[in-house]
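Before any comments, here is the structure.
Readers should treat all values here as calculations from the given coordinates under stated rules, not as data from a laboratory. If you're wondering where the values come from, they're calculated on a predicted model, not measured in any experiment. For neighbour counting, all protein chains shown are included, and Cβ atoms are generated from backbone atoms with ideal geometry for every residue, glycine included.
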Amino acid sequence: MLRPDPYTTIYMKEALYWEPVDKNNKVVHCLLCPHNCRISPDKTGICRVRKNDDGKLYSLIYNEFTSIHLDPIEKKPLYHFYPGSHILSVGTFGCNFRCLHCQNWEISQSNQGDAPTHKITPESAVALAKKDDSIGIAHTYNEPLINYEWVFETAKLIHKENLKNVLVTNGYINEQPWENLLPFVDAANIDVKSFRDEFYKKICSGRLGPVLRSVEIMVKRNKHVEVTYLLIPHQNDSEQEIEDMVDWLSSVNPEIPLHFSRYFPQYKMDEPETPIATLEKAKKIALKRLKYVYLGNVK
């Protein structure tokens with residue numbers, strides 16, 4: 001059910017995965033991601049897009065999108081999933097992380113009304129994908145899983161049309177909603193931003209464990225997954241940390257493609273750009289345990 005937000009022209013969709021925790025004060029508990037936000041009336045969770053309205057939790061971004069493009073699948077990056085094809089890529093605003101180095105901070109760290117949006121229903125998105133000769137839809141640009149209701153509905157429609165559903169995600173989601181979505185997911189690129197929990201807490205305002213679990217669950221469900229690791233000087237680029245991450249990934253499946261991506265100063269972080277030599281060293285380390293290793297943002 002959609003209802004209008006009385007302060008905007010946006011229609012809100014009642015959210016999935018929440019429960020009331022204080023009926024007298026109308027506080028709700030969001031169960032979508034590991035932040036497990038307790039949200040008071042007229043407030044939003046950490047993601048900025050799930051709002052408590054009179055004791056019920058609503059999504060502010062259902063049908064609201066800031067970006068829509070037809071992209072090469074390799075841009076996601078997915079190198080081993082229908083290479084050479086194109087996919088309709090859509091994104092909205094908000095994120096459940098606060099990464100100091102965010103490359104898309106203009107939309108991921110924005111609030112409702114900060115960026116213009118276009119209304120795209122699940123049905124119209126599928127029609128666009130078919131019209132543009134896309135292999136399906138990629139949910140990307142900002143964190144798609146905070147738009148869970150739209151992604152879930154659209155993914156089911158995509159599968160009915162024998163098209164593909166792709167996620168480009170930080171993987172920060174609770175296990176039950178992840179498991180319920182995966183039957184309708186064909187592939188994902190999941191960011192592993194560091195292999196240290198301290199980095200996640202300090203730089204991203206999150207935790208490492210749930211991200212690793214999301215990768216592992218995808219592999220157990222026989223879904224195509226590739227991993228991206230953005231190498232940031234002085235933050236997550238030590239040889240030991242890279243070796244630890246590679247050891248974990250190879251234990252999950254040594255054939256998972258790994259993308260080392262080059263960092264450039266952005267948003268609130270001003271570390272120098274990643275030297276090419278650092279990426280090449282990381283690739284050399286990874287190839288001892290993994291079959292497929294690629295470098296990104298190097299041109």
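From the backbone phi of the stretch 226-238, what are the Karplus-calculated ³J(HN,Hα) couplings (6.51 cos²θ - 1.76 cosθ + 1.60, θ = phi - 60°) in whole Hz, Gly and Pro given as x?
Result, rounded to whole Hz: 10, 10, 10, 10, 7, 8, 10, x, 6, 10, 9, 10, 5.
With angles folded into 0 to 90 degrees, how steeply does helix 148-160 sit against the dominant principal axis of the chain? Use alpha carbons for both and round to 10.
80 degrees
Which of the listed residues, Pro272, Ala129, Cys204, is farthest toward the dipole's positive end in the chain, when Lys, Arg count +1 and Asp, Glu count -1 at the beta-carbon?
Value: Ala129.
Using alpha-carbon pairs under 8 Å, 6+ residues apart, how would you state the relative contact order of the stretch 185-287 in percent? Write out the running numbers ahead of the final one.
Working: 131 pairs, mean separation 28.8, N = 103.
Reported relative contact order: 28 percent.
Go through Lys193/Lys299; Lys26/Lys156; Lys160/Lys283 and tell me which ones have a Cα-Cα distance over 29 Å in this structure.
From the list (Lys193/Lys299; Lys26/Lys156; Lys160/Lys283), the Cα-Cα distance tops 29 Å for Lys26/Lys156; Lys160/Lys283.
Can you tell me which lysines have their Cα less than 20 Å from the Cα of Lys23? Leave out same-chain residues fewer than eight positions away.
Lys43, Lys51, Lys56
Suppose R0 equals 30 Å. What FRET efficiency, 1/(1 + (r/R0)^6) with r the Cβ-Cβ distance, do Lys131 and Gln266 give to the nearest 0.05? Could you put the intermediate results ahead of the total?
Working: r = 34 Å, r/R0 = 1.13.
With R0 = 30 Å, the Cβ-Cβ based efficiency is 0.30.
Put a dot 7 Å past each Cα toward the Cβ at Lys284 and Lys160; how far apart are the dots in nm?
Roughly 5.4 nm, to one decimal.
Using a simple charge model, +1 on the beta-carbon of Lys and Arg, -1 on the beta-carbon of Asp and Glu, nothing else, what dipole does the chain show about its Cα centre, in debye to the nearest 20?
220 debye
So if we plug the beta-carbon distance of Asn222 and Asp197 into 1/(1 + (r/R0)^6) with R0 = 22 Å, what FRET efficiency do we get, rounded to 0.05? The partial results should precede the final answer.
Working: r = 28 Å, r/R0 = 1.29.
For R0 = 22 Å, the calculated efficiency reads 0.20.
So which of Lys13/Lys76; Lys13/Lys131; Lys223/Lys288; Lys220/Lys288; Lys76/Lys223 end up more than 18 Å apart by C-alpha?
Checking Cα-Cα distances, Lys13/Lys76; Lys13/Lys131; Lys223/Lys288; Lys220/Lys288 exceed 18 Å.
Excluding same-chain residues fewer than 8 positions from Lys75, which aspartates and glutamates have a Cα within less than 18 Å of its Cα?
Asp132, Asp133, Glu143, Asp186, Asp191, Glu226
For the chain, what does the equivalent ellipsoid look like in terms of its semi-axes, each the square root of 5 times an eigenvalue of the Cα gyration tensor, given largest first in whole Å?
So the three semi-axes of the chain are 31, 22, 18 Å.
Per-residue counts of other Cβ atoms within 10 Å, averaged by peptide: what ranking do you get for 202-214, 163-175, highest first?
Values: 202-214: 18.7, 163-175: 23.4.
Ranking the peptides 202-214, 163-175 by packing returns 163-175, 202-214.
If I take every Cα pair under 8 Å that is 6 or more residues apart in the chain, average their sequence separation and divide by the length, what percent do I get for the relative contact order?
The value is 13 percent.
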